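A.B. asks: Attaching a single structure in structure tokens format; questions to follow.
The values are calculated or read from the model by the stated rules, or taken from the named source; none is laboratory data. Quick caveat, the model's predicted, so the values are computed rather than measured. Cβ: placed from backbone, ideal geometry, glycine included. Neighbour counts: every protein chain shown. Keep in mind that these areas ignore ligands, DNA and RNA; they rest on the heavy atoms of the full protein, side chains included. Shrake-Rupley method; radii C 1.70, N 1.55, O 1.52, S 1.80 Å.
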Protein chains: 2
Amino acid sequence: MSEGHHLKTHCIQLVPIFQNLETEEMERIASLSHVQTYDKGDMIYHAGEEENFLYIVHKGKVKVTRLMENGKEQLLRILESGDFMGELALFTKNIHDSYAESSSPTELCVITREDFQEILAKHPEISMKVLEEVSHRLSQAEKLMTQLSAQDAEIRIASYLLDLAEEQHTNNIVLPMSKKDIASYLGTTQETLSRKLSSMQEKGWINQKGHRHIRLLEKESLFQITHS
Amino acid sequence: MSEGHHLKTHCIQLVPIFQNLETEEMERIASLSHVQTYDKGDMIYHAGEEENFLYIVHKGKVKVTRLMENGKEQLLRILESGDFMGELALFTKNIHDSYAESSSPTELCVITREDFQEILAKHPEISMKVLEEVSHRLSQAEKLMTQLSAQDAEIRIASYLLDLAEEQHTNNIVLPMSKKDIASYLGTTQETLSRKLSSMQEKGWINQKGHRHIRLLEKESLFQITHS
DNA sequence: CGATTAGTTGACTGTGTTCAATCGCGGTGG
DNA sequence: CCACCGCGATTGAACACAGTCAACTAATCG
């Protein structure tokens, strides 16, 4: 078994949607995928290109963004180990409407449309897993949409901090990306985010340590402003 | 065959996800669903309730909204004949985080979580159809997200008008909902929408007739502003 | 045709963006 | 381990956009 093959099996094993499969089936699927590596900053695909592959993140982080008509970019999501993208490719010859950029050294498992369709036909239970994941993301996207149109930036930021705290099970949160990216995700600018965080710190609600660490001191106050 | 049963079969037949099934299978599925009717303004479900059913719209319109933390409502989508909602119920005992309201006399086919899971297990091709629909909606939601964070309301409105024109294959567009709802959908207020439309009319770009009809006179100009 | 609801318009205010200058964290090499 | 440099982050000032509240008008339905 080649090093490469071993790597691919490993890649497939990692992914929630392929769990609960027989080992030999997993090997067969692995043999259909191939591994691609990217350095930080490399583009994985561009808007306008044909969408022909399902990408599964094995290692690293991938940033998916969309260019707004006015030229600014909106961060849609960050993929980490086990996440996938490109599921729309399954159905029709689509055109990407977003950009995917590796934001750290990254390893992806890539499967062609045809191969993945075949896999799904053979393993219906996988399509349920994919459906579950996509449904969940839709729900998330709708949540974010609601937040984006809450005009008050402070509310969006407070919400986001509380979400992070819950996700990370601690009040000492580590920002998963740069403040620039967070601002883009929250539909505001770096400057506004910075100002709001400073003002929260002045009020004693949070404590910023370095560029990526925030300690939540008064969750209750943060929660309050999201509800008025 | 009772009138009720006949109705249900009809309801199931309408829906894209159940197409390409044998007649008897369709009848079996129909027998698992039951029909619910609502008047304009009736609530179908509330946020906070358990999500136990898949709802398929047979007739009428359903408005799905989300309450923002600050108390305002964001319109997520409008369902029409053949659309469905509640697919998240398939996977776990979820809680609704949105409100569904009938916005005209409406007939729904309702299927319980258990029954629908059983149907999917028997007909894997249906889960592919559901996946296709959900993927498509995710893509739409991401598009809307991008639009929502375009700070300029005029851009969002122009984009929306152009989308409608494309959807309806004409420059004489009919608004699919009230201006109040459109404003909510676009993340702005009734007043701002009204002002922007008036200003577009002054510039000679559009022509409003009554409350729901708009003729696009200078699509090119509308397109231009969305790209700066 | 009249009532009721939807939409329009005006004046004011507040928040966030923009552009530009400066700061300081954190990684790199000595 | 410390000093340096570059980029991310912060801060300031001016302006403009859109939200709010309130009064008014127009359209649609029975």
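A.B. asks: Given the condition farther than 30 Å from residue A:17 by Cα, open to solvent by 20 Å² or more (accessible area, probe 1.4 Å) and of a type in the set (Lys, Arg), answer yes or no: does some residue in segment B:141-151 qualify?
C.D. replies: Within segment B:141-151 (the criterion being farther than 30 Å from residue A:17 by Cα, open to solvent by 20 Å² or more (accessible area, probe 1.4 Å) and of a type in the set (Lys, Arg)), the answer is no, since none of the residues qualifies.
A.B. asks: Considering only segment A:175-193, I want to know if a residue exists there that is within 15 Å of DNA strand D (Cβ to nearest atom), of a type in the set (A, V, I, L, M, F, W, C) and within 12 Å of another protein chain (Cβ to nearest Cβ).
C.D. replies: Yes, segment A:175-193 contains at least one residue that is within 15 Å of DNA strand D (Cβ to nearest atom), of a type in the set (A, V, I, L, M, F, W, C) and within 12 Å of another protein chain (Cβ to nearest Cβ).
A.B. asks: Testing residue A:227 on (1) without any contact (Cβ under 8 Å) to a residue 12 or more places away in the chain; (2) within 12 Å of DNA strand D (Cβ to nearest atom), one condition comes back false. Which one is that?
C.D. replies: (2)
A.B. asks: Can you pull out the residues in segment B:169-200 that are among the charged types (D, E, K, R) and in contact with a strand residue (DSSP E or B) (Cβ under 8 Å, 6 or more places away or on another chain)?
C.D. replies: Residue satisfying the conditions is B:181 alone.
A.B. asks: Continuing with the same structure: Of the residues B:79, B:75, B:90, which is open to solvent by less than 30 Å² (accessible area, probe 1.4 Å) and facing chain A (nearest Cβ under 9 Å)?
C.D. replies: None of the other options fit; the residue is B:90.
A.B. asks: Search segment B:129-155 for residues being at the interface with chain A (Cβ under 9 Å from one of its Cβ atoms) and over 20 Å from residue B:79 (Cα atoms), and hand back the single one that is nearest to DNA strand D (Cβ to nearest atom).
C.D. replies: The selected residue is B:152.
A.B. asks: Kindly indicate whether any position in segment B:99-118 is in contact with a Leu (Cβ under 6 Å, 6 or more places away or on another chain), assigned by the TED database to the domain that holds residue B:30, of a type in the set (S, T, N, Q) and at pLDDT below 95.
C.D. replies: no
A.B. asks: Just one of the numbered conditions (1) more than 16 Å from DNA strand D (Cβ to nearest atom); (2) at pLDDT below 90; (3) not hydroxyl-bearing (Ser, Thr, Tyr) is not true of residue A:162; which one?
C.D. replies: Among (1) more than 16 Å from DNA strand D (Cβ to nearest atom); (2) at pLDDT below 90; (3) not hydroxyl-bearing (Ser, Thr, Tyr), the lone unmet condition for residue A:162 is (2).
A.B. asks: Which residues, taken from segment B:196-211, are surrounded by 14 or more Cβ atoms within 10 Å (Cβ to Cβ) and either of a type in the set (D, E, K, R) or modelled with pLDDT under 95 (or both)?
C.D. replies: Result: B:196, single match.
A.B. asks: From the list A:97, A:42, pick out the single residue that is touching a Lys or Arg at 6+ places or on another chain (Cβ under 8 Å) and closer than 30 Å to residue B:227 by Cα.
C.D. replies: Just a single option satisfies the conditions, and that option is A:97.
A.B. asks: So the check is Cβ under 8 Å with 6+ separation or different chains; which pairs have a first residue in segment B:189-200 that's closer than 17 Å to residue B:148 by Cβ and a second one that's open to solvent by 60 Å² or more (accessible area, probe 1.4 Å) and basic (Lys, Arg)?
C.D. replies: B:190/B:180
A.B. asks: Now a separate question. Looking at segment A:110-117, can you tell me whether even one residue there is among the aromatic types (Phe, Trp, Tyr), open to solvent by 20 Å² or more (accessible area, probe 1.4 Å) and either within 14 Å of another protein chain (Cβ to nearest Cβ) or within 21 Å of residue B:134 (Cα to Cα) (or both)?
C.D. replies: There is no residue in segment A:110-117 that is among the aromatic types (Phe, Trp, Tyr), open to solvent by 20 Å² or more (accessible area, probe 1.4 Å) and either within 14 Å of another protein chain (Cβ to nearest Cβ) or within 21 Å of residue B:134 (Cα to Cα) (or both).
A.B. asks: So which helices (runs of 4 or more DSSP H) are wholly in segment B:122-228 and hold at least 2 residues that are more than 10 Å from DNA strand C (Cβ to nearest atom)?
C.D. replies: Passing ranges, in order: B:124-148, B:153-168, B:179-185, B:219-225.
A.B. asks: Of the residues in segment A:212-228, how many are open to solvent by 30 Å² or more (accessible area, probe 1.4 Å) and either among the polar types (S, T, N, Q) or more than 14 Å from chain B (Cβ to nearest Cβ) (or both)?
C.D. replies: Of the residues in that region, 9 qualify.
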